[in-house]
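The block underneath contains the structure these notes are about, expressed in structure tokens.
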Protein chains: 6
Amino acid sequence: MKLLVINPNISHDVTRLIEDEARRSARPGSILTMATAPFGVAYIETRAEAQIGGYAAMQIAAEQHDQHDAVIVAAFGDPGLPALREMLPIPVAGMTESALVCACQQGSRFSVIAISQRIQSWYRETIASYGFSERLASIRALDDPLAHIGRVQQDQGDRLVTLAERAVQDDGADVLILAGAPLAGLARSVSHRLPVPALDGVTCAMHQAQAMVDLAPHTPRGGSYSPPPAKDCQGLGEALSALVGRQPLAAQRA
Amino acid sequence: MKLLVINPNISHDVTRLIEDEARRSARPGSILTMATAPFGVAYIETRAEAQIGGYAAMQIAAEQHDQHDAVIVAAFGDPGLPALREMLPIPVAGMTESALVCACQQGSRFSVIAISQRIQSWYRETIASYGFSERLASIRALDDPLAHIGRVQQDQGDRLVTLAERAVQDDGADVLILAGAPLAGLARSVSHRLPVPALDGVTCAMHQAQAMVDLAPHTPRGGSYSPPPAKDCQGLGEALSALVGRQPLAAQRA
Amino acid sequence: MKLLVINPNISHDVTRLIEDEARRSARPGSILTMATAPFGVAYIETRAEAQIGGYAAMQIAAEQHDQHDAVIVAAFGDPGLPALREMLPIPVAGMTESALVCACQQGSRFSVIAISQRIQSWYRETIASYGFSERLASIRALDDPLAHIGRVQQDQGDRLVTLAERAVQDDGADVLILAGAPLAGLARSVSHRLPVPALDGVTCAMHQAQAMVDLAPHTPRGGSYSPPPAKDCQGLGEALSALVGRQPLAAQRA
Amino acid sequence: MKLLVINPNISHDVTRLIEDEARRSARPGSILTMATAPFGVAYIETRAEAQIGGYAAMQIAAEQHDQHDAVIVAAFGDPGLPALREMLPIPVAGMTESALVCACQQGSRFSVIAISQRIQSWYRETIASYGFSERLASIRALDDPLAHIGRVQQDQGDRLVTLAERAVQDDGADVLILAGAPLAGLARSVSHRLPVPALDGVTCAMHQAQAMVDLAPHTPRGGSYSPPPAKDCQGLGEALSALVGRQPLAAQRA
Amino acid sequence: MKLLVINPNISHDVTRLIEDEARRSARPGSILTMATAPFGVAYIETRAEAQIGGYAAMQIAAEQHDQHDAVIVAAFGDPGLPALREMLPIPVAGMTESALVCACQQGSRFSVIAISQRIQSWYRETIASYGFSERLASIRALDDPLAHIGRVQQDQGDRLVTLAERAVQDDGADVLILAGAPLAGLARSVSHRLPVPALDGVTCAMHQAQAMVDLAPHTPRGGSYSPPPAKDCQGLGEALSALVGRQPLAAQRA
Amino acid sequence: MKLLVINPNISHDVTRLIEDEARRSARPGSILTMATAPFGVAYIETRAEAQIGGYAAMQIAAEQHDQHDAVIVAAFGDPGLPALREMLPIPVAGMTESALVCACQQGSRFSVIAISQRIQSWYRETIASYGFSERLASIRALDDPLAHIGRVQQDQGDRLVTLAERAVQDDGADVLILAGAPLAGLARSVSHRLPVPALDGVTCAMHQAQAMVDLAPHTPRGGSYSPPPAKDCQGLGEALSALVGRQPLAAQRA
């Protein structure tokens, strides 16, 4: 199967991190296409940045989903995930959602370990939007600004492990989610130091995406995830227009 | 005070409807600037369309908020509202949020009357994201596809009133919200026919925006609505880049 | 417009604090009538005191609402608010409810800073009764008994600021509500020292009450906030009887 | 043990209904004192009437609780219950709360059968305030205005049974609560006609009150149900002042 | 009345503790039958142990409920309670559920004091399954492994009291539940040292069970607690088979 | 990988249905071991039957999990799932949990189509115990008693499809879960007739179990899913004793 992995941010460093980790979870025969947002920010910490990244993911998905079997939105917080799921005829997985569903199958409550204080609100609201708040034991985050987003694991690995241990000891976490694409691979490299299973969003998204291709759900004709009703649109580019709209009457006539 | 009213969609007809209704709620001295999205769809029914409209609203807000005292996002469902609120130094009101807070002050539970079946899920999720689900008595919506988005009040007025009456009688609504920018003005024109107060998102947003300007909250230095930490960005346009990012190092050096 | 501001407690000192702050938020042409409860307690910390204050507010409102355009219940916790809203033909605002709806439009989560440990439960239950618990980051309160209810701002101002800072730093508050009529004016005087917007219940209630008069909702004929069905009553005084009851048959015949 | 049963309304007819039913659940040696509100309304359907009835219950309880072992608030909706529980040194039971806790021990979900459409909102909000909403299957109510509050069982018995049957069949109720003091005794007289256990608030309150006397909880010195901190008060009458306040300084000096 | 008290565990020491405490709450004429699980574990800390204990309680209840008026499941966490309530024609009380309903009638929020860290998750999930999570202030538990389950009160009494005090002071508990059958009697012996009422699950279950016998609910013919529909079964023993199944056709024919 | 599929019921017919459907989702190299409960009932509709089936599943899992890579509990409602997950050193999947997490990745809200009215409460409580109630649009169930549990698809297929269509149209389901092991295969055979994706618990459990083996979580040393602390036990059989207990001291000495 062919999987389109979208980094909704402009950081090619992070795309490489994601790819390295994703390849470890690709089954024989699964082929990855990596895509990096052509516009946006380096990484997403806020609702504003997620709004941008979500739109960038829509553009990439519209242009490149063809000839793929599933799409992965590879930023924690899943920017644009519901939008992509509505408009694409193939399954879409997100790093957060996938990590949450894997976590729910390994324990009652999970904690999220995050790379910045600011990012917590966006994560909390994403988790709430999925209806998983009851199972969230805590979010714990690094205090200091990141020196370099591509080196956070090397620079802050020990502190992230300490936060994870406190989440188990003090917050009652049964499972840990090491969150954020910049942490791709950390769960694997430190899991032996942690008392409970530690999950990586990229890995979980790979497994869930492949499982959804196996499930082969058909594109809905009803419900709120059937394709958006065609309507006038402009300025969206050809690929996105083809999925969510029709050209305005004037344009159509022209 | 000066208010920037953003229609996150491309429909100038609907912008005119919004303006007509908004002017009725402008206090003496309040001046409106109307803006219509340069790209996007005719009106928003889905998560995908909201993702687009939210990004369009960010672009407009970034470019035009200067020299205004507050911004109104004038589509029900409030596309981009949290993003705008994070990045702008002035208050931001949304049609849905404003209607909800006005409704909460007039009764215990409210119903939303909507223009299409499909639109209900997006509305429901927006209301849930604000934590107001407990107070939602029901959403009731027209069954048939809209012939023309700018004439829905004339074409479907009586059916909308019937839906509203059933929401009071059968669902226990204390307040009605006639939802969607295309219904701007309907609450005013039919309120005498309805047994409980009926609210219009545009009107509520005007009153709440002006009240927030009166409150004059300062821009936060902390919390999750302080300005997004500056980070590398590209392709966002000058105005938006100035608010959410800094140019990538390469670009900066160039 | 004419606003009736009811202090549901017997403390004329606090009524003066409320009036001073309220006048700052009165628009040109808005006229205030201040009323102090003729019976009750000095300030409300408990459910029992709120039950008393709510009944006192009903008596005052019944007697004085005539020739006013809106009523404000000026004690945090909003004693009697739902009762007044049901029985009066004009809008009614409460300090807590108004502060909550203003806070919700400035951030995702808010904290309440309160004047005594004991008062927290009543506040928490009031906020829960409005369905806003999800957005409450924390309640933090002074530890020591108040020496004088009219001088709490002078005596405890710095400690209240410290509590507010901790609510932002440790509890994740995006907005602060400095709660209780005895703190009227504090938000204004200390807001420059606080990292996030700080709200004052009196000010918020003034803005929301004036906005509701602008909205001009009609008195409902249906729903659960239409006037209480007339029924036998006794001992309620003339004004209240006229709103919630009819004299018992015997009395009517006499 | 001696139980003080307070009808927070002025209807002596209903007090007699309550007494008849309560006596059936009095254990040998349990003695009842019946009290009827000296002021208020005939029966409570609204938040406004509950605010009045709660204050009346406080007055009666303050004056008469002495030499009793427990108090029962005998109106469905439990007007004043939290207030009484805070201020009295003896256990206090309420018809709604008692029925809910008995229902929870007999099934997963319960329905409430009520005497008027209007009364539903107040019941729903009372149940929510106890945190029992998840277990509420439905509230079903008579449609027509009551001809005589003291004869509702005779006049409407069959219709109440029909509502109860539909609650089991269509709403998934495991237990029925026939609500409202005017229905005292109905559960007993129709239970053989109903497919699931039917509860009567008076009976449940009697059993729970007697069980709480058996439990003999001590008066708390801490927590939010310890006696309200003494503070200035006026106009509350001698008995209530003694429980919730102290006379104002001026009065004390006089 | 005759009460069957089931210890779903194999520890006769704990059964004796339960019996000693239960006898203090037996009314004149109430007769206790004590039963100890013939298979299972010493005490229940986990979901796995509760699954075992619940099945053991079913076996005992099936065999011995005859000629009793009510059953008490005497392990905190109520293993098997819903199962027993479905299949038995008499009322069934559980230690946790009974303590919760008693606590709810004495305050707004309660804390649970527990004998081990591990046990907290099972308790938390039990309380959530009843829909009481909103009223749970906290669970606090002993840190160290228990030396002897029958001597935990003597060995750890002071530490349990300290945990209880912190629950009131720091977590806002109005009522304390000293949880677990091995703590039977502790609430009574230390209540004078605690600032708020302290409840014992055994005592509460005794009072609630006797109250339910007084209520005399009939066995439901409908709803989800009517007897399980008869179906093929095997290997359950004669008594349990008679309640939940019928012998497989083959067995019936044989 | 080797998967142990446990039917917690005694019906070999249903085990065959499960096996047929499970084989279709086995990846090349995945090997299934089927197990049928040696004691219990024909199929599970009630909490009582689930308590039995959960204990049976524990027994089977204890005896046979060795030399497998994961376990599947193959009854909708997941009897014993948390218990197995605590005590086994390998991943455990359940039909309900797996279907829920697959459904959540294909839409916002799902409906469950069930084989009997009675079974709904148990399903509803299972879903609630996972914290997924917010996303449950409805449960719809067949009205009539089943003639033969192994032929329900043939006998009732069209009625099940009708229920499914109504769940989409009237309840707002984005995804359908055709629930219960006796419906294994139905989703596949009727999905072309349904407007939204239809899921089968067996298939979902197969995919999730295999994904969890891929994830290879280590056995926790902490948190509430680490192995139950060893304690005295008796009568559990050798295999289960080895997992949850230690022999009582007396037995150990003997």
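Could you tell me which of B:G237, B:S226, B:A181 has its Cα farthest along the dipole of chain B towards the positive end, charges placed at Cβ (Lys, Arg +1; Asp, Glu -1), taken about the Cα centre? It is B:S226, whose Cα lies furthest towards the positive end. Rounded, prolate or oblate for chain B? Axes are the square roots of the Cα gyration tensor eigenvalues, ordered a ≥ b ≥ c, and the cut-off for rounded is a/c under 1.5. It comes out prolate by the Cα gyration axes. With viscosity 0.890 mPa s and temperature 25 °C, the Kirkwood radius over alpha carbon pairs of region A:1-98 converts through Stokes-Einstein to a diffusion coefficient of 188 µm²/s. Residues B:C104, F:C102 in ascending order of nearby Cβ atoms (within 10 Å, fewest first): B:C104, F:C102. Computed over the protein assembly as shown, the quotient of the alpha carbon radius of gyration and 2.2 N^0.38 Å is 0.89. Taking label positions 7 Å along the Cα-Cβ direction at both A:A216 and F:H12, the computed distance is 3.2 nm, reported to one decimal. Cross-link partners of E:K2 among aspartates and glutamates, defined as those whose alpha carbon lies under 18 angstrom from its own and excluding same-chain residues fewer than eight positions apart: E:E19, E:D20, E:E21, E:E63, E:D66, E:D69, E:D214. Net charge in the neighbourhood of D:P182 (other residues with Cβ under 15 Å of its Cβ; Lys, Arg +1, Asp, Glu -1) is -4. In chain D, the DSSP-assigned H stretches of four residues or longer account for a calculated mean residue ellipticity at 222 nm of -13500 deg cm²/dmol, using -39500 (n - 2.57) per stretch and the full residue count as denominator.
Placing +1 on the Cβ of every Lys and Arg and -1 on the Cβ of every Asp and Glu, with no other charges, gives the protein assembly as shown a dipole of roughly 0 debye about its Cα centre. Taking a ≥ b ≥ c as the square roots of the eigenvalues of the Cα gyration tensor of region D:53-112, is the shape rounded (a/c under 1.5), prolate (a/b larger than b/c) or oblate? Prolate, since a/c reaches 1.5 and a/b exceeds b/c. Across region D:97-201, counting alpha-carbon atoms alone, Rg and Dmax equal 12.4, 35 Å. Shortest first, B:P89 label-point distances to identical copies amount to 4.9, 5.0, 6.3, 6.3, 8.0 nm, with the label point at 7 Å from Cα along Cα→Cβ. Centroid-to-centroid, using Cα positions, region F:119-135 and region B:37-104 are 36 Å apart.
Across peptide F:147-157, the average count of Cβ atoms from other chains found within 10 Å of a residue's Cβ is 0.
Copy-to-copy label distances for B:R188, where each label lies 7 Å from Cα along Cα-to-Cβ, are 3.3, 6.1, 6.1, 6.2, 7.3 nm in order of increasing length. Charge dipole of chain F (Cα centre as origin; +1 on each Lys and Arg Cβ, -1 on each Asp and Glu Cβ, all else neutral): 360 debye, rounded to the nearest 20. Inside 10 Å of the C-beta atoms of D:111-120, what's the mean count of C-beta atoms belonging to other chains? Going residue by residue through D:111-120 and averaging, the value is 2.
For E:T203, B:T15, the sequence from fewest to most other C-beta atoms within 10 Å is B:T15, E:T203. Measuring from each Cβ of chain C to the axis that turns chain C onto chain D, the shortest distance belongs to C:Y55, 2 (residue, then whole Å). Across the identical copies, the label point of F:R23 (7 Å from Cα in the Cβ direction) is separated from its matches by 3.8, 6.3, 7.5, 7.5, 8.9 nm, in order from shortest.
With contacts taken as Cα pairs under 8 Å at a separation of at least 6 residues, region D:131-197 carries a relative contact order of 35 percent. Computed about the Cα centre, the dipole magnitude for region B:100-199 is approximately 180 debye when only Lys and Arg (+1) and Asp and Glu (-1) carry charge, each at its Cβ. Neighbours of F:H207 by Cβ distance under 10 Å: Lys/Arg scored +1, Asp/Glu scored -1, total 0.
No lab work stands behind these numbers, since they all come straight from the coordinates. Quick caveat, the model's predicted, so the values are computed rather than measured. With ideal geometry, Cβ positions are generated from the backbone for all residues, glycine too; neighbour counts draw on all protein chains shown.
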